[in-house]
Amino acid sequence: MMKFIKSLDWAVFTFFRVLAVGLLCLLFVLMSLNVILRFYPVFSIGWFDEIVELSFAWMVFATAAILWRGRKHPKIDFLEILLKGTRCQPVLLAVVEVINILFLSIFTYYGFMLVMTAAATSPIFKIPRKVFYVAMPTAGVYMTILSVIFLAGYLRKIVAFESTTTQPVEKSV
């Protein structure tokens, strides 16, 4: 079961990574094309805005999920470093992770509600706005699951720290 979970995590992570890099490249090409066509108006790219909007939305949330998995998101770690090696550090990290889970759960819920209520379409390609917005709950679910896994790791550290400090002392005879 654990092997399946790890391979599923790797597949989702790889999907988000390929998607983020691909969309970044697409945005670079589209922006460059837009600049060139301002000087040499060979053809019109009236669809430019909606593709950029769609690409940017998915790129941002895919990148957020990638950073979340690697724990590379910006954070203030003053207390974490100050408490390193103490029992308080995993407790602090567990509390922060519970707050993360609450935030991500709310974010995912409202992202899902936005997807469900969206009825508009893009003007040129008639892409449903749901496609634009589904990036939020998709990344939110993944980040919430990761946070639950991180929390479990912190809780294991708390228990392990406690078990190493409460072992009975052997009396020498």
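For first residues located in the stretch 26-40 and without any contact (Cβ under 8 Å) to a residue 60 or more places away in the chain, partners that are outside any helix (DSSP H, G or I) and of a type in the set (Gly, Ala, Ser) and lie 6+ apart or on another chain with Cβ distances below 8 Å form the pairs Leu37/Ser44. Look at (1) in contact with a helix residue (DSSP H, G or I) (Cβ under 6 Å, 6 or more places away or on another chain); (2) closer than 25 Å to Thr121 by Cα and you find that Ile51 fails only one, number (1). For first residues located in the stretch 116-130 and touching a residue at least 40 places away in the same chain (Cβ under 8 Å) and closer than 16 Å to Ile51 by Cβ, partners that are assigned to a loop (DSSP other than H, G, I, E, B) and among the small types (Gly, Ala, Ser) and lie 6+ apart or on another chain with Cβ distances below 8 Å form the pairs Ile124/Gly46. The residue list Val29, Val35 contains one member that is modelled with pLDDT of 95 or more, β-branched (Val, Ile, Thr), more than 22 Å from Lys130 (Cβ to Cβ) and surrounded by fewer than 11 Cβ atoms within 10 Å (Cβ to Cβ), which is Val29. Take the residues in the stretch 41-59 that are touching a residue at least 60 places away in the same chain (Cβ under 8 Å) and loosely packed, with under 15 Cβ neighbours inside 10 Å; name whichever of them is nearest to Val96 (Cα to Cα). Top of the filtered list is Glu53.
Taking the stretch 23-48 as the range and being in contact with a Ser or Thr (Cβ under 9 Å, 6 or more places away or on another chain) and either part of a helix (DSSP H, G or I) or over 30 Å from Ala64 (Cα atoms) (or both) as the test, the residues that pass are Leu23, Leu24, Leu26, Leu27, Leu30, Leu37. For the stretch 71-127, a residue qualifies if it is hydroxyl-bearing (Ser, Thr, Tyr), in a helix (DSSP H, G or I) and over 20 Å from Tyr154 (Cβ atoms), and the qualifying residues are Thr108, Tyr109, Tyr110, Thr117.
The values are calculated or read from the model by the stated rules, or taken from the named source; none is laboratory data. Bear in mind the structure is a predicted one, so any value in this text is a computation, not a measurement. No Cβ is skipped: glycine too gets one built from the backbone with ideal geometry, and neighbour counts run over all protein chains shown.
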